[in-house]
Structure formats: C-alpha cells, structure tokens
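The values are calculated or read from the model by the stated rules, or taken from the named source; none is laboratory data. Model, not experiment: these values are computed from the prediction. All Cβ positions, glycine included, derive from the backbone under ideal geometry; neighbour counts span all protein chains shown.
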Amino acid sequence: MPQEPYNSCVCANANISLPIYDIITSLSPLPAEIRNLVYSFLIAAPCKAHALIFSRLSRDHYDNIVLRLYQQIVVTDKAVDAGLYKSYSNVDNQSHQSNEHRTLPSKKELLDCCESLVFTSIYAWAQTIGMFDMRGTTPVMSPMFRNLNHVAFASGFVEEICRREALPLDRYITPKALWYISDACIHLPKSFSEDLAIDLGNVSSYLMDFGIGTNDTTETVLRLHNCQPTKLAMADERLAFAHDVVYIHMPPKRIENAVDIAARQVDEIVEYWIATSVNRAARQVDEIVEYCVKSVTEWDAMKTRFIIHGPPEPFGKAVVFTNFGTVITPAGLVFVISPSIAQSIIDRAEREVRRRVRLFLESELSAGCGLEANFHVRGYEECRFCSLRSSSSG
C-alpha cells in the first residue's frame, strides 16, 4: 500500500510512529466484497493512525457488526465483481476461520441475514438470477436469502429496463421461491420522459422472476417512487395488478416565488403553496383522477384480454397516492404537510378524487361502481426499507 501522499489531519496521533501491522493477513477471513471495500478506504485514508485503527476494528469487531452490514445489500456491478456471491455454499455450517481459529459467519449465513436487496443495473440483476439458478433455486425451495422480504430497483436500473426491448409476455418463467417477499420498490428517474414511461410496464417481468406477486398467500406491496400519475397512466397496467397494495409516491411540488421562505414555518409554507396557486392542488387532483380512470379501464379490458390464462386478476385492494401537499423549494428544501392541517386538506382531495372516479364509472363502466373506494390520498410517507438505505448512506 502506498504511504504517500496523505492529506493533513488534525488528529493528535496523525504523525505518530506506527507499529508494523499485517493488514493483508488480518483481513483475509473477510468476504471479498468487504475486504475490497476496506482496501479502498485504506488507500484513500487521510490519516495513517485512523487507517490502522480501522483495519484493526474490521478484524476485532467484524463478527459483531457484519450481520448489520448485510441487512440491506445494494447489488452493484462493482459489488458483484468484487465477490458478493463468491465462496457461497448451500451448507449451513460452512463458516470462515480466522488466524485465531475464531468462527466467522459463512457467506450463506451473511446472505441469509439480508432483508432488502437493491439492484442498480441489469448486469447486477442478471448475476443474481444466475446465482439462484446455479444454486438450485426452484419455485418451492430457495437455499438463498431466507430472510429477504424487500426488493428495490434503483432509478438507473429502471431506466435500463425501459430502454431495452420488452421480454415476451408468453415466455416461460420459473419464479424463484422468494414467495415471502412482501415489498417491492421501483425508483423512477427524476427526469422520466414520456417515451420511457410508456415502457414502464416492462419492469413487471423482472419482478416476476423473483416470484413477487405470484403467491396468493403473501400480501405484496408495490411502491413507485418519484412517480407522476400522468406518466404512470401511460404505462402498461400489468405493473400494478399483480400486487395487493400500490403506493404511488408523487414527487414534491416545486414552489418558485415564495417570499422569505427560509423564515416560514412548515404549515405556513404549505398554506402558501395552496393559497398562492390558482387551482394548483386541483391540478394535482386532476393528475390523480387521470390515472384512476385509466387504471379501472385497463383492469376491465384485461379481464377479457387474458381470460384464456385463467380467472381475471382482481383489482388491487388499495391504490395510495402519497406526498399530497409536500413541497420543495428551489434550494431543494422539502417541507411536509403537518398533522395539524393535513387531515382536512387531504380528506377533501380524497373525496374529490373518489367523486370524479365514481361519476366516470357510473357513465362508462357500471360494473366497476364501488372501485372508487380503492383509491386513497395521503401526505408524506416513505418505505421503511428505503429509509434504512437513506439513513445508512447518510
């Protein structure tokens, strides 16, 4: 490892003479992806004393913290190439041994601790699917990720999917035995064009490869982050119908001309957003209604179109639109509507959405009357797994 250059450090021990320490040997019991991460840190470390402390901690305290490190795995190209799935055995008791003969968790035990998988690219997803196939995963038995209950597709991965040719609808799919997965998150890019939105339904094929939404005994939740209802209305509706509950996390509305906004209280800012905009909240309701009408129409059409494949899919138990009344300033500050004023504003919006959807159903789709009760409007909400990623990366 290079000794220079090091950036200046105000640490009192920055310039002390350090003992010889065999970092390579001390880190050798660790999984490759953790070991490579430590090496990258040490190479860039601004302080030799800090680097030494870190390397020792990674050895002495590894067995205490490693399970937390694998609670959520962000599957990147780099992580896969660094050895995320290497040294894996289907046998439960294959544990690593350190130089001190201390038993460390095996790769299988580490991956079995994972509750959330976040995919960042098609390559990372394909390598994971390949690992499932290699390890003998079947629709009724999975030797990997036994505690996994959340899968997320990062925005870059979603964009890749939308730009690729769609997988054929009639292709044979052998879902992995991850029937215990309850939550799936799709993070849409901030600049999501209409051309890409049209192909958003392609994402459903990638979810089905994990068996998400294919088991009737597990209630599944799909969350679409940074999702404008008008863009979602362009997508193939098969994305949502396989799930019991769909959350559409709308992006915060931007306010441009607030006066002294930094000095305002949160409630004042939200009230300002509503009061200074002619029908601004009404426009957001319009966007929600547009999606709701398209959703029930597509559901009715699919009942006939796919009847050959079995009984029609029921309409989702709930479609929830969140972030109503959440605003963002030009500086990037996000303000959330508070409980003190949220109830009346959100209740009015929800009643208006349901009223207009009911009018459409009565005039165009009488068999669907009552479905308007499936649509809900709420304020700020977030996925508990995605908030874990935000807190760990912050």
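Might you check whether a residue that is loosely packed, with under 15 Cβ neighbours inside 10 Å, in the same structural domain as CYS386 (by TED's automatic domain parsing) and modelled with pLDDT of 60 or more occurs anywhere in the stretch 253-262? Can you show your working first?
So in the stretch 253-262, the residues loosely packed, with under 15 Cβ neighbours inside 10 Å come out as 254, 256-257, 259-260, 262.
Within this subset, residues satisfying the condition of being in the same structural domain as CYS386 (by TED's automatic domain parsing) are 254, 256-257, 259-260, 262.
With the extra rule that they be modelled with pLDDT of 60 or more, the set shrinks to 254, 256.
Checking the stretch 253-262: at least one residue is loosely packed, with under 15 Cβ neighbours inside 10 Å, in the same structural domain as CYS386 (by TED's automatic domain parsing) and modelled with pLDDT of 60 or more.
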Scan the strands (runs of 3 or more DSSP E) fully inside the stretch 91-199 and keep the ones with 1 or more residues being polar (S, T, N, Q), touching a Phe, Trp or Tyr at 6+ places or on another chain (Cβ under 7 Å) and modelled with pLDDT of 80 or more.
116-119
For the stretch 367-378, pairs from a residue that is under 12 Å from VAL353 (Cβ atoms) to a residue that is among the aromatic types (Phe, Trp, Tyr) and modelled with pLDDT of 90 or more, with Cβ under 6 Å and 6 or more apart or across chains, are VAL377/PHE321
When you check ILE212 against the structure, is it at pLDDT below 80 and buried (at least 22 other Cβ atoms within 10 Å of the Cβ), yes or no?
yes
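Answer yes or no as to whether GLY379 is surrounded by fewer than 16 Cβ atoms within 10 Å (Cβ to Cβ), outside any helix (DSSP H, G or I), modelled with pLDDT under 90 and under 26 Å from the mean Cα position of the chain (by Cα).
Considered against the rule, which asks whether it is surrounded by fewer than 16 Cβ atoms within 10 Å (Cβ to Cβ), outside any helix (DSSP H, G or I), modelled with pLDDT under 90 and under 26 Å from the mean Cα position of the chain (by Cα), GLY379 comes out as no.
Identify the residue in the stretch 314-327 that is surrounded by fewer than 16 Cβ atoms within 10 Å (Cβ to Cβ) and not basic (Lys, Arg) and, among all such residues, is modelled with the lowest pLDDT.
Filtering the stretch 314-327 down to residues surrounded by fewer than 16 Cβ atoms within 10 Å (Cβ to Cβ) leaves 314, 317-318.
If we keep only those that are not basic (Lys, Arg) too, we end up with 314, 318.
Numbers: PRO314: 54, ALA318: 86.
This residue is PRO314.
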